[in-house]
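The values are calculated or read from the model by the stated rules, or taken from the named source; none is laboratory data. Since the structure is predicted, the reported quantities are computational estimates derived from the model, not experimental observations. Every residue, glycine as well, gets a Cβ built from its backbone with ideal geometry; the counts of neighbours run over all protein chains shown. Side chains included, ligands, DNA and RNA excluded: accessible areas come from the protein's heavy atoms. Shrake-Rupley method; radii C 1.70, N 1.55, O 1.52, S 1.80 Å.
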Amino acid sequence: MTDTLETITGALIDAARKAGADAADAIALKGSAVTIDVRVGALEQAERSEGTDMGLRVLVGRRQACVSASDTRAETISTLAERAVAMAKEAPEDPYAGLAEADQLGFGCDAEGLQLADPAEEPSPEVLQQEALAAEAAALGVEGVSQVQSSTAAWSRREVHMAASNGFAGGYERTDSGIYCSAIAGTGTGMQRDGDGDSRIFRADLRGAGDIGRVAGERAAMLLGAKRPKTGAYPVLFDERISSSLIGHLLGAVNGSAVARGQSWLREKLGEQVLPGGLSLIEDPHRPRVPGSRPFDAEGLPTRKRALVDKGVLTGWILDLATARKLGMESTANAKRGTSAPPSPGAWNIEMTQGTQSREELMREMGTGLLVTSMIGATINPNTGDYSRGASGFWVENGEIAYPVNECTIAGHLPDMLLNMTPANDARPWLSRVVPSVLVEGLTLAGE
C-alpha cells in the first residue's frame, strides 16, 4: 500500500480522537478506471475516472456516526472528524455498536498470496477499444444478429487501506478487467437480446473478445421466434448463468441482518437440512485471483474458510460484529463497508458442491420442462420464502430443446426448491459464486 493512504487513515483516527471520539475506524480508497464503449464500428464513449475517497466512523459511547469526503487536505480531515463527533452525540444509542477487541484482530492470510492485483501495465484506451470492436464484429458476424446494443471493455485498479483506534491497520490492492457484449437478433417486434461477458482480476485470464462477441450473438439468435410456454407444473433447469441467483436468495436469508430483524425464512433452521444431503456450500475468502477474496474483513477480523451448509445442514449465519452481538454470537468476519456507512454483513466467495452430470444429461433426465437462461424481476417473501420471477429460455421436449420461450413466470417455495435441487457439473471455477446448473422439480409455470 502507498504511504498516502496509510497517512490518510492515520490522520482520520488522530483527528477523531482530538475531536472527542471514544473510538473510531477509517477507510481510504484510491483508484482509477477506464471504460470504452463502441457502437457500429466506432468509438461511442470513453470514460476515465481517478480519485481518492475516505470515510470515518466515530463512536461516542454507544452512539455512532459516519462521514465521508474526497478532499484529503488536513483541514478537511479535522472538519470531518468534528462533524462526525457532533453527529454521533445526537444519534440514538446502539447497544451493539463498537469496534473489535484487540485479540479479535488479524489477517486470515497474506494479501499478496491472494493475487488480487495484476502486475501487468494498465492497458491503453486504444487496446481496450480494439477489444470492444472485436467483440462487436464477432457478434455481428453471427447469422440473425441485426445490431449490437453495446460492446464494452473496461479496466480498473484500486487501493484500499483501513485503520482503527483499536490498533488495526491493513490494506491491499486489486484490479479488474472485463469485456462485455450485448447483441440483438431479428427486427421489429420479433427482436431478441442476449449477451456475454467476462471479468477477471488478471487480464491474461480474460476470454478472447471475439469469443465473447460470438457467444453473445449466438445466444441472441437462438431466441428468435420465442413464444410463451404452456401453463402448468413442470421441472425447471436453471442454467449456470443464473443458477447462482437461487443460492443468492439463500445467502440473503442467512445474512445476520435479516436474521436479527426476524425477516428470514431460515431464521429457525440453524442446524437443520436446507439443501440435499450431498450438497455443501463453502465460503472461502482465500481463493487466489477471485473477486470475493479478502485477507481481513471491514472490521479488521481475519477471514477464514468455512462451510455455511455442510452436507445439506445449515451451520451458521453471515455475521459482522454488530449483528453477532444482537444474536449473542461471535462475528464470522463477514463485515463489508464503503466510505459513507458503517459495516454490514455480506458473503465472500461461495462454492456449491457440483454434481456428476452435464447440463445436457440433466435436460434428458428432465424430459419435458423449461431451461431458464434469463430472469427478470423478483418477488421473494423474506419471511416465507415464496418465490416468483419472470423468466425466458427454452422449452424442452423429450430431453431436447424444442423452441425458445419468453414472457413466463416461475413460482415456487424456496425452501422446497433448494431441498429438491439436482446440480450439474458445469460451474465456472473462477467466479466468486461457483454454482452449476441446477434442476428443480415441480415448479409452477404461468405462460399461455
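Miscellaneous remarks
- For Thr356 and Arg62, a Förster radius of 60 Å and the Cβ-Cβ distance give a FRET efficiency of 0.70, rounded to the nearest 0.05.
- Accessible area per residue, Å², segment 34-117 with all protein chains present, probe 1.4 Å: 55
- For the options Pro229, Pro345, Pro95, a Gaussian network treatment of the chain with springs between C-alpha atoms closer than 10 Å singles out Pro95 as fluctuating the most.
- Selection of GluC sites (Glu not before Pro), segment 255-349, meeting DSSP coil and at most 16 other Cβ within 10 Å: Glu268, Glu272, Glu330
- Selected from Gly277, Ser392, Gly20, residue furthest toward positive end of dipole (the chain; charges at beta carbon): Gly20
- Each other residue within a Cβ distance under 14 Å of Ser280 adds +1 if Lys or Arg and -1 if Asp or Glu, for a net charge of -1.
- Near Glu44, the amide H atoms lying under 5 Å from its own belong to Asp37, Val38, Arg39; only residues 5 or more places off or on other chains count, and H is placed 1.01 Å from N.
- For the chain, the share of accessible area belonging to carbon and sulfur comes to 47 percent (1.4 Å probe, ligands and nucleic acids excluded).
- Per-residue ellipticity at 222 nm, computed for the chain from helices alone with -39500 (n - 2.57) per DSSP H run of at least four residues, works out to -7000 deg cm²/dmol.
- Rounded to whole Hz, the Karplus (6.51, -1.76, 1.60) HN-Hα couplings of segment 269-280, x for glycine and proline: 9, 4, x, 10, 6, 10, 10, x, x, x, 10, 10
- Simple label model, 7 Å out from Cα along Cβ direction - Lys227 to Ala74, nm: 7.6
- For segment 13-30, Karplus couplings with θ = phi - 60° (6.51, -1.76, 1.60), whole Hz, Gly/Pro x: 5, 4, 5, 5, 5, 5, 7, x, 6, 7, 7, 7, 9, 9, 9, 10, 10, 10
- Debye intensity ratio I(q)/I(0), log10, the chain, q values 0.07 Å⁻¹ (C-alpha model): -0.42
- Entries in Lys269/Lys326; Lys305/Lys336; Lys30/Lys305; Lys18/Lys326 that, when Cα-Cα distance is taken, lie over 24 Å: Lys30/Lys305; Lys18/Lys326
- Long-range amide H partners of Val60 with built H, under 5 Å: Asp22
- Averaged per residue, segment 277-386 has 38 square angstrom of accessible surface, using a 1.4 angstrom probe with ligands and nucleic acids left out.
- The loop-placed GluC sites (Glu not before Pro) in segment 30-95, going by DSSP, that have at most 12 neighbouring Cβ atoms within 10 Å of their Cβ come out as Glu93.
- Under 5 Å from the amide H of Arg228 lie the amide H atoms of Asn406, each residue being 5 or more positions distant or on a separate chain, with H modelled from the backbone and absent for Pro and chain starts.
- For segment 332-343, 3J(HN,Hα) per residue [Karplus equation, 6.51 cos²θ - 1.76 cosθ + 1.60, θ = phi - 60°, Hz, x = Gly/Pro]: 9, 6, 10, 6, 10, 7, x, 8, 10, 8, x, x
- The base-10 log of I(q)/I(0) for segment 78-226, evaluated at q = 0.13, 0.17 Å⁻¹, reads -0.74, -0.92 [Debye formula, identical scatterers on Cα atoms, solvent excluded].
- In percent, rounded to a whole number, the relative contact order of the chain is 16, using alpha-carbon pairs under 8 Å and six or more apart.
- Principal-axis tilt of helix 125-140 within the chain, Cα atoms, nearest 10 degrees: 20
- Taking a ≥ b ≥ c as the square roots of the eigenvalues of the alpha-carbon gyration tensor, segment 334-420 is classed prolate because a/c is 1.5 or more and a/b outweighs b/c.
- Among the chymotrypsin sites (Phe, Trp or Tyr not before Pro) in segment 362-412, none sits in a DSSP loop with a Cβ that has at most 10 other Cβ atoms within 10 Å.
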